1. Report yes if some residue within the range 286-300 is free of Cβ contacts under 8 Å to residues at least 60 places away in the same chain, assigned to a helix (DSSP H, G or I), under 15 Å from Tyr327 (Cα atoms) and not basic (Lys, Arg); otherwise report no.
2. Would you please list the contacts, defined by Cβ atoms under 8 Å and residues six or more apart or on different chains, that run from a residue in the range 305-329 that is assigned by TED's automatic domain parsing to the domain that holds Gly244 to a residue that is among the acidic types (Asp, Glu) and not in a loop (DSSP other than H, G, I, E, B)?
3. Would a scan of the range 353-367 turn up a residue that is closer than 20 Å to Asp251 by Cβ and at pLDDT 95 or above?
4. Here is a check on your reading of the model: is Lys388 assigned to a helix (DSSP H, G or I) and among the charged types (D, E, K, R)?
5. Name every residue in the range 276-300 that is buried (at least 18 other Cβ atoms within 10 Å of the Cβ) and over 19 Å from Arg429 (Cβ atoms), in order of residue number.
6. Please go through the range 225-273 and pick out each residue that is outside any helix (DSSP H, G or I), closer than 18 Å to Ile304 by Cα and of a type in the set (Gly, Ala, Ser).
7. Scan the range 199-213 and tell me whether some residue there is of a type in the set (Asp, Glu), in the same structural domain as Arg106 (by TED's automatic domain parsing), surrounded by 20 or more Cβ atoms within 10 Å (Cβ to Cβ) and touching a helix residue (DSSP H, G or I) at 6+ places or on another chain (Cβ under 9 Å).
8. Just to be sure I understand, how many residues within the range 181-209 are assigned to a loop (DSSP other than H, G, I, E, B), farther than 22 Å from Glu159 by Cα and in contact (Cβ under 8 Å) with a residue 60 or more places away in the chain?
Amino acid sequence: PRSDDCLTSLHQNSRRQQTSRQISRNGRRCIVVLPSGGHHLPSGGGMGAGAGAGDGGRGGRPAGATGDPRQGRLHLHLPQRRHPVAVHGAARSVPQNFRARSIRVRITISLALSFCFTAYTSHNADSLTPSVCRVVESVGEGVTEFQVGDHALTVFIGECMSCKHCVSGKSNMCQTLGLERKGVMHSDQTTRFSIGGKPVYHYCAVSSFSEYAVVHSGCAVKVSPTMPMDRICLLSCGASAGLGAAWNVADVSKGSSVVIFGLGTVGLSVAQGAKLRGASKIIGVDTNPDKQEKGKAFGVTDFINPAELNEPVQQVVKWLTDGGADYSFECVGDTGVVSTALQSCSDGWGLTVTLGVPKAKPEVSAHYGLLLSGRTLKGSLFGGWRPKSDIPLLVEKYANKEIQVDGLVTHDMPFSDINKALELMLQNRCLRCVIHMPKRQD
């Protein structure tokens, strides 16, 4: 990696209209996208990019962010971004020891970034998860599994293969390369981007709104160059999170009943996973009536719109499932819905899995009797998948047409239409908007 590479960043600009600028330096030109509310905000924003992080112990608090820096968490008030985003230049710093176990990757024209309306409107940067494919441009010392030109998925959690959790076979919560929420690299706790000498923080160690980024090799998964990168990018987050929740976390059984709260990309993927496991009844719950037809394509057999009910949704679920569903999934990011999902489960063995990240009130409240009667509440991060061990299996299933991913993409848009994609999210008119980076001109 070279320190003379030029990066550009997207950031909120309330005084100017959208601008696009290509920076040329030492004969190299590139474009990197880092939406933020100030010059030293985290790189990326939206599902499939980075948005949010912390101060990382340096550079102060990002402008336009809130949160508790002592916990390394900052929350961006994204719905207030009613003005167009703009492109600004950034420089990348490369410490002398940076190369060890790291790779530099580049997004090409066929690569994509995907967005999530729910995440964008949640006010919670932690709910914005990266979905992106990249091409390896250079490798650092100690990296043996990647070569220049390899295609890779970058993932927001890594797998070191040697820590307690990685060797246990019971968890994907790597102690070395786990969820990084300070906006810095795992290896040295520093950033790789800067604007005007101020650090630009990474999001979840991926920084996927960038043409160039430096990632730890343990957070990247090699994929076949024959795979369509603008589709399998969804396997680095949304689609895989839903499938894994149904298969790994809940282990949905044949003939069972399932209720899913929230039919976004994750919820629809849960439905697909349940259908492939042979669930006999799959109930989708969503306030958007358009999700009814979409849900059918992914296995939803019954649809409930809470806005049209005169009674609690859990009562309707119990009526449809003869006393309660065998499995319920919360894919909204609302702890109140977690309680409703728990009440929708069957006594004795009902299992509720929560996948969403709440924008407020992170504490879950439920009557003790729900648990005393035999119900179980579990959490799911990335569907329980171990990135390097398991994601290649999902890519293979996609290649063999065993799982559906393409149907989750509702829009393919050029980078120049980034603001249109953001509006589609705000209007709840998309599942995934795939943004194609412009062709590179050397």
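The values are calculated or read from the model by the stated rules, or taken from the named source; none is laboratory data. Since the model is a prediction, treat every value here as computed from it, not as a measurement. No Cβ is skipped: glycine too gets one built from the backbone with ideal geometry, and neighbour counts run over all protein chains shown.
1. Restricting attention to the range 286-300, the residues satisfying the condition of being free of Cβ contacts under 8 Å to residues at least 60 places away in the same chain are 286-287, 289-293, 295-296, 299-300.
Cutting the leftovers down to assigned to a helix (DSSP H, G or I) gives us 291-293, 295-296.
If we keep only those that are under 15 Å from Tyr327 (Cα atoms) too, we end up with none.
No, that holds for no residue.
2. Pairs found: Leu320/Asp302.
3. Checked the range 353-367: at least one residue is closer than 20 Å to Asp251 by Cβ and at pLDDT 95 or above.
4. yes
5. Arg277, Ala279, Lys281, Ile282, Ile283, Val285, Gly299, Val300
6. Filtering the range 225-273 down to residues outside any helix (DSSP H, G or I) leaves 225-228, 237, 250-264.
Among the residues that remain, those that are also closer than 18 Å to Ile304 by Cα are: 257-264.
Selection gives Ser257, Gly262, Gly264.
7. Checking the range 199-213: not a single residue is of a type in the set (Asp, Glu), in the same structural domain as Arg106 (by TED's automatic domain parsing), surrounded by 20 or more Cβ atoms within 10 Å (Cβ to Cβ) and touching a helix residue (DSSP H, G or I) at 6+ places or on another chain (Cβ under 9 Å).
8. Narrowing the range 181-209 to residues assigned to a loop (DSSP other than H, G, I, E, B): 181-192, 196-197, 201-209.
Next, only the ones that are farther than 22 Å from Glu159 by Cα stay: 196-197, 209.
From the residues that got through so far, the ones that are in contact (Cβ under 8 Å) with a residue 60 or more places away in the chain too are 196, 209.
Looking only at that region, the number is 2.
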